[in-house]
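Everything on this sheet refers to the single structure shown next.
The values are calculated or read from the model by the stated rules, or taken from the named source; none is laboratory data. Because the structure is predicted, anything quoted here is derived from the model rather than measured. Heads up, the Cβs are rebuilt from the backbone with ideal geometry, glycines too, and the neighbour counts pull from every protein chain shown. Surface accessibility is based on the protein's heavy atoms, side chains included, excluding ligands, DNA and RNA. Shrake-Rupley method; radii C 1.70, N 1.55, O 1.52, S 1.80 Å.
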Amino acid sequence: MRKLKDNILLGLLWFAAFLTVAVLVMIVGYIFYKGIGLISFDFIFGDYSPSGGGGILPMIVTTIYTIAISLLIATPIGILAAVYLQEYAKQGRLVNTIRFATESLTGIPSIIYGLFGAVFFVTTLKLGMSIIAASLTLTIIVLPVIIRTTEESLKTVPRTYREGSLALGTTKLQTLYKVILPSAMPGILSGLILSMGRIIGESAAIFLTAGTVAAMPASIFSSARTLTVHSYLVTQEAGDIELAAAVGIVLIVLILILNLTATFISKKLNKANY
Amino acid sequence: MTDKSVNTTEQQKKIAVKDLNLFYGEKQALFDVSIDIKEKEVTALIGPSGCGKSTFLRTLNRMNDLIDGVKINGKMVIDGEDIYQTNDVIKLRTKVGMVFQKPNLFPMSIYDNVAYGPRMQGIKNKAELNKIVEESLRGAAIWDEVKDRLKSSALGLSGGQQQRVCIARAIAMKPEVILMDEPTSALDPISTLKVEELIASMKKEYTIVIVTHNMQQAARVSDKTAFFLNGEIIEFDETNKIFSMPSDQRTEDYVTGRFG
Amino acid sequence: MTDKSVNTTEQQKKIAVKDLNLFYGEKQALFDVSIDIKEKEVTALIGPSGCGKSTFLRTLNRMNDLIDGVKINGKMVIDGEDIYQTNDVIKLRTKVGMVFQKPNLFPMSIYDNVAYGPRMQGIKNKAELNKIVEESLRGAAIWDEVKDRLKSSALGLSGGQQQRVCIARAIAMKPEVILMDEPTSALDPISTLKVEELIASMKKEYTIVIVTHNMQQAARVSDKTAFFLNGEIIEFDETNKIFSMPSDQRTEDYVTGRFG
Amino acid sequence: ACGNSSAGDKTGDLEGNIHTLAISGSTSVGPLAEKLAEKYEKNNNIKIEINQIGSSAGITNAINGVSEIGMSSRELKDEEKESLQETVIAYDGIVVVTHPSNKVKNLTMDQVKDIFTGKVTNWKDLGGDDLEIVVVSREDGSGSRDAFQEIVGYSSGELIKSAIVASGNGNIKTTVATNKHAVGFISFEYIDDSVSPVSINGVDATAENVLNHKYVLSRPFLFVHVEDNLTNEGQKFIDYILSPEGQAIAAESGAIPVQ
Amino acid sequence: MSSIPIKKDAGEIGKANKRKYLLEKVSGRVFLFCALLSVVSLLLIIGFVFYKGSHPFIAEGYSFIDFLLGSDWVPSEDKFGILPMIVASIYATIGALIIGVPIGLFTAIFLAEIAPRSVAKIISPAVQLLAGIPSVLYGVFGLAIIVPFLQNNLGLIKGQSLIAVIIVLAIMMLPTVVTVAETAIRAVPKTYREGSLALGVSPIGTIFKVVVPAAKSGIMTAIVLGMGRAIGETMAVILVAGNSLIIPTSLTDSIRPLTTNIALEMGYAFGTHQEMLFATGIVLFSFILILNFVLARISSKGGN
Ligand SMILES: Nc1ncnc2c1ncn2[C@@H]1O[C@H](COP(=O)(O)OP(=O)(O)OP(=O)(O)O)[C@@H](O)[C@H]1O
Ligand SMILES: Nc1ncnc2c1ncn2[C@@H]1O[C@H](COP(=O)(O)OP(=O)(O)OP(=O)(O)O)[C@@H](O)[C@H]1O
Ligand SMILES: [Mg+2]
Ligand SMILES: [Mg+2]
Ligand SMILES: O=P([O-])([O-])[O-]
């Protein structure tokens, strides 16, 4: 009886896992199947031309810009905020409010961030449609992600490290940057990876704040088009599925590279820490 | 300096605790604890689990400050200064070192672990640091075992070695008092023996307060023993006396293994 | 049934272990362990930390199967059946219950914890479950303390209560052997006492193997004692003998507190 | 949106003096404007940023100064006309398209209206196979849709409720190309083999027929700007578009020149 | 004379620590400031959306009730009713949860408890990677594969439908649900497993009766995050929903969820129309807050 039930459940578990893997393989497979024909050196490293042909280098550069700037701003703020919530704050109403705020931020659809960014950063702060406006908008989008994951990884740092350090007559701050942050680093990095994914995958919010200019950005105050926005436009306006898929391939590879780099760094850091 | 007889009785009183009460939120964990701890002696704290030994030990360097909702009243004087009246916890903790139950080395090299405290005090000079590290590791009777691997991870050491490096880390701060909370409970017999020998040799220079669950250990290493029960000190006396002819029935029950 | 003298010597041999070796990957943790455990006796396993007591205990219900890279050879026979030759681990574990060092109740109500095993055995009948739960809790000397809060969370109980509910949970499976790995090390003296009394009363019905660090406890509760050192059994004999006149010097050193 | 180029050390003065012309708006006008800009940038020391974010967003940007020029594929509303100047840079034809397998190749304007308002729901009533009609429309506010509805003669409220609403020409095209029930409308520029164009009242959808007013489904592509905001460079770009060279590029990319 | 250096010396030590304490205080403030920044951004966003979105109801005399319960959305004719979209959002979310949650949870359980370590080590990162794939690509996949598939195999006249949205959303939430739930299940103390196995309970029985219930709160988080993804998703949904303005009565009807309504028309909207899109945003936001709140309630109840 129990055995039969066990076997059925086991079967279901295998089935679900199979289904998940199958679906995911299908999606990636489809994107590669559709897009691989367009992939070439010129496609990836060529400049874009509106009259057909041309490459997507400007979009790749823009994508990297947005990732770099958003993370540059969001990472310190996010980590320090998490440090405050986890290490400094007396758990109470203020902390709960801040937690609630960050949690609610994760639940807001990105189109709403886009609208906000378009009015606040683009118009009110007069940044114009630009990489910087988009990056600031993205900063707000990923801030909660970074805060949450950092908090979680701070939680896993053994209390004994804190005690050991403080008992040596060090300050909280010293303990923090010498002992706690280094050992929380792998977790923090995985939060950053997640954030990168979110930034790369975003379209609605970027579209409304950075615009869609398909040219190499002169500076971070230029309007520009990220890879994801490009694949979005190509799908919606031109209906060119193959091109969208080809851009998708580049995106997937980019995500893969960034993930591997981060994992590598995290391993390195871990080794440095032993 | 190391000769006890030179000190007057007053000087010998390194730590004086009077009517100390401690509460975790509503719950009282220490009741009217009074005890005088003499300089350069080893004082053992024994008692059944949950009786407040660790709690008391941690009041001595104000580690309980880290726990939310802890309230303390009473008087605790170290070297004539009420440690709960000062704001300079850093100074207190530099003077009163601590070794924990489980070796809690940081995930760094052996060298960096021992140099950690001095560095945080602002010592940057390489030669000076080297000297401190070597002296401390020697003081903790671990130098010979680790001198060839100072730059490798401290976490690769055995439990007993780690615990001695922890002691070295504490010594490196040149403290006057060293608190130890069941420092050998996670160790194997051989390591335990080494740490015990170390404690015996360290009392020439340091005032040591040690919590232990192990009656034999208390008997072996300490000069004085305090028996805790339910947050109170039932008896505090020469170790010999506590183990051979305690004056309280409960102490006797405990040390003869009638409970716990 | 509960009268020992009725049993023949052969019947009394509940567990027979012969030349058992156990490896964690490359590292050998048990060396040629041989021991015969009699029915309805309490056997205590003592020895310094890391000597293999827990490892040995866990071979008795094949809990080590869960750890990757564990290799076992030798013979372990329970009730005439070599437990490493059968595939029915479930049956084995139903027969050989286990109580862990830290109370590990599930995050469910007290009732559900105790009823968990029987339910998973397919018992659905409400009345029958009620009966099992009550009997088991009574058997673990905890019924009176919890009978009014059976439906509330088990995690709200004190450590000692939790440990007794763990015992009840094990009893509910009507095992024949109960393994206990330092069952009182996380408990306060009063709870410890209760659990010890419980063990004493349980031996009328169960064969009990208990690991303990506490010499006094071993002396109080067990009939036989085995002294482990570095993965070997150094001495196995009547508890009285082990504590009063052990035949091995190392045993004597250990039980008199010369190390550990 | 002013490129305060900080990386001016290499190209020196040249880079530093480059004017950035910010244009944003209609996604229908966008591709044409990009092509014009590409050609224009080659011969002029200027950088033109074109953002395809929708007609109304472009108009808003033009009004509040985020962009120098807005692109619109719909007529300006009265309140917008108060603050904006408009220039017709080209015309765009709108084609009714169906699945290539659809036998219906010609419709009258009334039939088009009946289809989109749901009066006719089966292709067999229009001479096709016995297939239910699936209407595909653009989103409310789209320039293409506004123009199409106005010319065909129905309002947004009359559009059949079950109509698929697709955002963008490409989306309509993909939808129609993969559904043999479907009918939709797209810009001339997007026509290819994957869909079948339908002639209206017997008149084919060609640029020629638009120019000689035989084919009536068309609408203007507008550049709009606030009088005071237009720079010389902006004016020059508009002039270029209206020049024969600019209009030739427009014609090449599927739009209809303004004579 | 001699007392001066001593005094000075004492003063210096004090000063050194004083600087440390000061630094301590300042850094604490900096950390607090960073934490407050996230609150400020939330307030800014909420304030902004509410300001824009409430304008038509406060200043222009539109009725909020008609907005919520009206079933006509014709911006060019001044009709703003979002009932069809509310219904669509609810159906799509519930549907995606019904399909995505069990599959995701079972996959997570499989990866954490059943799969050999080597297999899990490949699949888990791959699944995580998929969480980073832009939603537009999921939409492309949906439009090019799922929509025609439904159309051809269910004999529909159009594949853009509630069911297509549900499938796409279920797929999109999988990586989130799997990853978070897997972590939660792995975090269940080994002692629970041992406790159950030692009672002679089978590994599968142990998983479903002890391990999964013990991971409940993490699993709830997985569901909440997955749901967030489902409700908030826009770009993929636009492509497969059909965006028709009807109240769906069957799985095969085209739908327009709240998010797509905003994304679809924002580029073309101005004046009241645009404000009404912000109002749609308010409804969406409230929707998410309520759901989060309810789920938090359920999970804390379950926890007791
Ligand atoms: N952070 C805390 N919050 C609340 N109560 C606590 C806390 N820490 C300890 N206690 C309680 O205070 C009492 C004394 O605890 P303490 O850790 O000092 O005991 P102990 O004598 O060190 O025991 P052990 O030998 O088990 O280490 C116990 O009842 C314990 O439950
Ligand atoms: N999972 C494991 N992998 C590798 N080695 C292990 C593992 N578990 C235990 N060991 C090693 O096996 C030896 C015996 O361990 P065991 O836990 O049986 O000791 P013990 O006698 O129960 O000690 P204690 O009194 O501290 O519980 C030790 O050296 C230990 O380090
Ligand atoms: Mg303690
Ligand atoms: Mg053990
Ligand atoms: O994008 P539109 O040209 O239809 O406004």
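How much of the accessible area of chain B, in percent, comes from carbon and sulfur atoms when a 1.4 Å probe is used? Could you put the intermediate results ahead of the total?
Working: 5290 of 10960 Å².
Ligands and nucleic acids excluded, carbon and sulfur give 48 percent.
Please compute, for the alpha-carbon atoms of the stretch A:19-61, the extent along each of the three principal axes and give them in descending order in Å.
Principal-axis extents of the Cα atoms in the stretch A:19-61, largest first: 41, 20, 17 Å.
Between the DSSP loop rule and a limit of at most 16 other Cβ atoms within 10 Å, which trypsin sites (Lys or Arg not before Pro) in the stretch A:170-229 are left? Intermediate values should be presented prior to the final figure.
Working: sites: A:Lys172, A:Lys178, A:Arg198, A:Arg225; in loops: A:Arg225.
Qualifying residues, ordered by number: none.
Across peptide E:235-244, how many C-beta atoms of other chains are within 10 Å of each residue C-beta, on average? Mind showing how you got there, number by number?
On the way: counts 13, 1, 0, 10, 9, 0, 2, 8, 9, 9.
If you average over the peptide's residues, the count of other-chain Cβ atoms is 6.
In nm to one decimal, list the spacings between the C:Asp79 label point and its equivalents in the other copies, with label points set 7 Å along Cα to Cβ, shortest first.
Inter-copy label distances (nm, one decimal, shortest first): 6.8.
Apply the Debye scattering formula to the stretch C:129-204, with a single equal point scatterer on each alpha-carbon and no solvent, then give log10 I(q)/I(0) at q = 0.15, 0.23 Å⁻¹.
Taking Cα atoms of the stretch C:129-204 as identical point scatterers yields -0.47, -1.13.
Please grab the % of Cα pairs in the stretch A:3-148 that end up more than 19 Å from each other. The partial results should precede the final answer.
On the way: 7624 of 10585 pairs.
Cα-Cα pairs of the stretch A:3-148 separated by over 19 Å account for 72 percent.
Filter the trypsin sites (Lys or Arg not before Pro) in the stretch B:85-189 down to the DSSP loop ones having no more than 16 other Cβ atoms within 10 Å, then list what survives. Please report the intermediate quantities before stating the final value.
Working: sites: B:Lys91, B:Arg93, B:Lys95, B:Arg119, B:Lys124, B:Lys126, B:Lys131, B:Arg138, B:Lys147, B:Arg149, B:Lys151, B:Arg164, B:Arg169; in loops: B:Lys124, B:Lys151.
Answer by residue number: B:Lys124, B:Lys151.
Tell me, what ³J(HN,Hα) does each residue in the stretch A:73-79 have, in order and in whole Hz, if you take phi through Karplus 6.51 cos²θ - 1.76 cosθ + 1.60 with θ = phi - 60° and put x for Gly and Pro?
With coefficients 6.51, -1.76 and 1.60, one gets 7, 6, 4, x, 4, x, 5 Hz.
Other chains near D:238-251: what is the mean number of their Cβ atoms within 10 Å of each residue's Cβ?
Numbers: counts 0, 0, 0, 0, 0, 0, 0, 0, 0, 0, 0, 1, 0, 0.
Averaged over the peptide's residues, the number is 0.
Looking only at Cα atoms, what is the convex hull volume of chain A per residue, in Å³? Let's see the in-between values first.
Details: hull volume 55.0 nm³, N = 274.
Dividing the Cα hull volume of chain A by its residues yields 201 Å³.
Determine the total buried accessible area between chain B and chain C, counting protein heavy atoms only with a 1.4 Å probe; round to the nearest 100 Å². Display every interim value, and only then the final one.
Numbers: alone 12600 and 12580 Å², together 24130 Å².
So the buried area, both faces added, is about 1100 Å².
For a Förster distance of 41 Å, can you work out the FRET efficiency between the beta-carbons of C:Gln216 and E:Ile298, rounded to the nearest 0.05? The partial results should precede the final answer.
Working: r = 49 Å, r/R0 = 1.20.
It comes to 0.25.
Along the three principal axes, how long is the stretch E:69-303 when you take its alpha carbons, biggest first, rounded to the nearest angstrom?
Taking max minus min along each principal axis of the Cα atoms, the stretch E:69-303 gives 70, 40, 29 Å.
For the stretch D:36-52, list whatever residues lose no less than 30 Å² of accessible surface once every protein chain is in place, relative to that chain by itself, with the probe at 1.4 Å.
D:Glu38, D:Lys47, D:Glu49, D:Asn51, D:Gln52
Using θ = phi - 60° and the Karplus relation 6.51 cos²θ - 1.76 cosθ + 1.60, list the HN-Hα couplings for the stretch B:157-167 in order, rounded to whole Hz, with x at every Gly or Pro.
Residue by residue, the stretch B:157-167 yields 7, 6, x, x, 5, 4, 5, 6, 5, 4, 5 Hz.
Which whole number gives the average count of other chain Cβ atoms within 10 Å of the Cβ atoms across peptide A:170-180? Each step should come with its number before you reach the end.
Details: counts 10, 9, 6, 8, 9, 3, 2, 1, 6, 4, 1.
The per-residue average across the peptide is 5.
Take every DSSP beta bridge with both residues inside the protein assembly as shown and express the antiparallel ones as a percent of the total, to the nearest 5. Please report the intermediate quantities before stating the final value.
Values: 75 of 126 bridges.
Around 60 percent of the beta bridges assigned by DSSP in the protein assembly as shown are antiparallel ones.
After finding the eigenvalues of the alpha carbon gyration tensor for the protein assembly as shown, what semi-axes result from the square roots of 5 times each, listed largest first in whole Å?
Working: eigenvalues 1048, 309, 128 Å².
Semi-axes, largest first: 72, 39, 25 Å.
From the label point of C:Arg250, set 7 Å from Cα along Cα→Cβ, how far away are the matching label points in the other copies, in nm, ordered shortest to longest?
4.0
Give C:Lys75/C:Lys241; C:Lys126/C:Lys194; B:Lys174/E:Lys18; B:Lys124/B:Lys151 a once-over and call out the pairs whose C-alpha atoms are over 24 Å from each other. Please report the intermediate quantities before stating the final value.
Numbers: C:Lys75/C:Lys241 27 Å; C:Lys126/C:Lys194 30 Å; B:Lys174/E:Lys18 21 Å; B:Lys124/B:Lys151 17 Å.
Over 24 Å apart, Cα to Cα: C:Lys75/C:Lys241; C:Lys126/C:Lys194.
Just the number please: accessible area per residue for the protein assembly as shown, 1.4 Å probe, all protein chains included, in Å². Walk me through the intermediate numbers first.
Working: 54770 Å² over 1357 residues.
The answer is 40 Å² per residue.
Just to confirm the numbers: C:Lys126, label point 7 angstrom along the Cα-Cβ line, distances to the other copies in nm, shortest first?
Relative to the other copies, C:Lys126 has label-point distances of 8.0 nm.
Under 1.5 on a/c is rounded, so check that first for the stretch C:1-133, then, if it is not, pick prolate when a/b is larger than b/c and oblate when it is not; a ≥ b ≥ c are the square roots of the alpha carbon gyration tensor eigenvalues. List each step's numbers first, then the result.
On the way: a/c = 1.92, a/b = 1.34, b/c = 1.43.
Oblate shape, in that a/c is at least 1.5 and b/c is the bigger or equal ratio.
If each residue of separation counts as 0.36 nm, what is the full-extension length gain between D:Glu150 and D:Val88 once their alpha-carbon separation is subtracted?
Values: separation 62, 0.36 × 62 = 22.32 nm, distance 1.84 nm.
Separation in residues times 0.36 nm, less the Cα-Cα distance, equals 20.5 nm.
What is the spin-label model distance, in nm, from B:Lys151 to C:Ser152 if the labels are put 7 Å beyond Cα along the C-beta direction?
The answer from the label model is 6.0 nm.
What is the log10 of I(q)/I(0) for chain C, computed with the Debye formula using one identical point scatterer on each Cα and no solvent, at q = 0.09, 0.11, 0.14, 0.17 Å⁻¹?
At q = 0.09, 0.11, 0.14, 0.17 Å⁻¹ the computed log10 ratios are -0.40, -0.60, -0.98, -1.39.
Take the Cα of D:Glu245, step 7 Å along the line toward its Cβ, and report every residue of the stretch D:39-74 whose backbone nitrogen sits under 14 Å from that point.
From the stretch D:39-74, the list is D:39-46.
For C:Phe228, list long-range residues whose amide hydrogen, built 1.01 Å from N in the peptide plane, is under 5 Å from its own amide hydrogen.
Sorted by chain and number, the residues that satisfy this are C:Ile46, C:Gly47, C:Ile234.
Between D and A, buried accessible area summed over both sides at probe 1.4 Å, in Å² to the nearest 100?
Working: alone 12170 and 15430 Å², together 25490 Å².
What D and A bury together is about 2100 Å².
Using a Förster distance of 60 Å, how high is the FRET efficiency between C:Ile72 and A:Gln91, based on the Cβ-Cβ distance and rounded to 0.05? List each step's numbers first, then the result.
Numbers: r = 48 Å, r/R0 = 0.79.
Step by step, r from the Cβ atoms, then E = 0.80.
Mind giving me the nanometre distance, one decimal, between the label points for C:Asp65 and A:Ser49, set 7 Å out from Cα along Cα→Cβ?
6.9
Taking loop as defined by DSSP and a crowding limit of 15 other beta carbons within 10 Å, which trypsin sites (Lys or Arg not before Pro) in the stretch B:197-257 fit?
Working: sites: B:Lys203, B:Lys204, B:Arg220, B:Lys224, B:Lys241, B:Arg250; in loops: B:Lys203, B:Lys204.
In loop regions of the stretch B:197-257 (DSSP not H, G, I, E or B), the sparsely surrounded trypsin sites (Lys or Arg not before Pro) are B:Lys204.
What do you get for Rg/Rh of the stretch D:122-163 when both radii come from the Cα atoms and Rh is the Kirkwood radius?
On the way: Rg = 12.1 Å, Rh = 11.5 Å.
Reported Rg/Rh, Kirkwood definition of Rh: 1.05.
Taking Cα pairs under 8 Å and at least six residues apart, what relative contact order does the stretch B:112-260 come out at, in percent?
Values: 160 pairs, mean separation 25.1, N = 149.
For the stretch B:112-260, the relative contact order is 17 percent.
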